[in-house]
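Working notes, beginning with the structure itself.
The values are calculated or read from the model by the stated rules, or taken from the named source; none is laboratory data. Only a predicted model underlies this, so the values are computations on that prediction, with no experimental measurement involved. Note that each Cβ is placed from the backbone with ideal geometry, even for glycine, and that neighbours are counted across all protein chains shown. Ligands, DNA and RNA are excluded from the accessible area calculation, which covers all protein heavy atoms including side chains. Shrake-Rupley method; radii C 1.70, N 1.55, O 1.52, S 1.80 Å.
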Amino acid sequence: MRTAIIFYSRTGTTRRVADALAAELDADIGEIHCHRFRPGPLRYLMAGYHSVKGNLPTIEGPDMDFSSHDLVVIGTPVWTSHPSLPVRAFLAGKPDLPDRVALFLTHGGHSPAETAISEFAALLPHPLAGSLAIDHDTALKADISERVRTFAATLIANQAG
Ligand SMILES: Cc1cc2nc3c(=O)[nH]c(=O)nc-3n(C[C@H](O)[C@H](O)[C@H](O)COP(=O)(O)O)c2cc1C
């Protein structure tokens, strides 16, 4: 199974999960960059404002051939209960994704991840292949290897079935 991990991370939390998952799945990895929402307290507020309004930003990367993969796993932080704007912008660009797309997200724990998962799934032409939500503190401070391993094993088993 050829797998690609594509993620956006403003402050490194989602990147930690992306790296662990890429190692577990032996996946190619590509990052979405967004200059508008680079770290900083004012830009945090700006990101929240634009997230509520749904104002999609310009993004850069990743420069990858997504369609040559059997599975693409997309990672995003939750912003105002939505997938982050850079990931929404990525999907709005209609990338040539394979039929199997899964999601992982990190969140601050002050709103459930389900809203963002449903919203993300609704943007795909096929049912979501799986999802994993990890809260910010766990993603940064805890040993996430078991959760990542279980998620990866589920994706591999579903592919085989
Ligand atoms: C603009 C903005 C809005 C956010 N909104 C939410 C939210 O609605 N619910 C939540 O649980 N966390 C929210 N968070 C917290 C992030 O989802 C969380 O800290 C995440 O792990 C950050 O990931 P990153 O370091 O990869 O950018 C928000 C963060 C930002 C910057």
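Structure notes:
- Scanning the stretch 144-161 for residues being modelled with pLDDT of 95 or more and in a loop (DSSP other than H, G, I, E, B) gives a total of 1.
- Among residues of the stretch 124-142 being among the hydrophobic types (A, V, I, L, M, F, W, C) and either in contact with a strand residue (DSSP E or B) (Cβ under 8 Å, 6 or more places away or on another chain) or assigned to a helix (DSSP H, G or I) (or both), the one that is nearest to the ligand (Cβ to nearest atom) is A139.
- In the stretch 21-31, the residues that are within 16 Å of the ligand (Cβ to nearest atom) and surrounded by fewer than 22 Cβ atoms within 10 Å (Cβ to Cβ): A22, I29, G30, E31
- Screening P112 with (1) open to solvent by less than 30 Å² (accessible area, probe 1.4 Å); (2) closer than 21 Å to A47 by Cα; (3) assigned to a loop (DSSP other than H, G, I, E, B) gives one miss only, at (1).
- Test: A18 is within 17 Å of F151 (Cβ to Cβ), touching a residue at least 40 places away in the same chain (Cβ under 8 Å) and within 10 Å of the ligand (Cβ to nearest atom): yes
- The condition of being more than 8 Å from the ligand (Cβ to nearest atom), surrounded by 21 or more Cβ atoms within 10 Å (Cβ to Cβ) and under 16 Å from I117 (Cα atoms) holds for only one of I5, I59, I74, that being I74.
- Residues being near the ligand (Cβ under 8 Å from one of its atoms) and either farther than 21 Å from S81 by Cβ or open to solvent by 70 Å² or more (accessible area, probe 1.4 Å) (or both) - total across the stretch 32-45: 2
- Flag for L56 being of a type in the set (A, V, I, L, M, F, W, C), in contact with a helix residue (DSSP H, G or I) (Cβ under 8 Å, 6 or more places away or on another chain) and under 24 Å from T154 (Cβ atoms): no
- Residue in the stretch 93-105 that is more than 15 Å from the ligand (Cβ to nearest atom) and in a helix (DSSP H, G or I) present: no
- Meets criteria (modelled with pLDDT under 95, away from the ligand (no atom under 15 Å from the Cβ) and surrounded by 15 or more Cβ atoms within 10 Å (Cβ to Cβ)) for M64: yes
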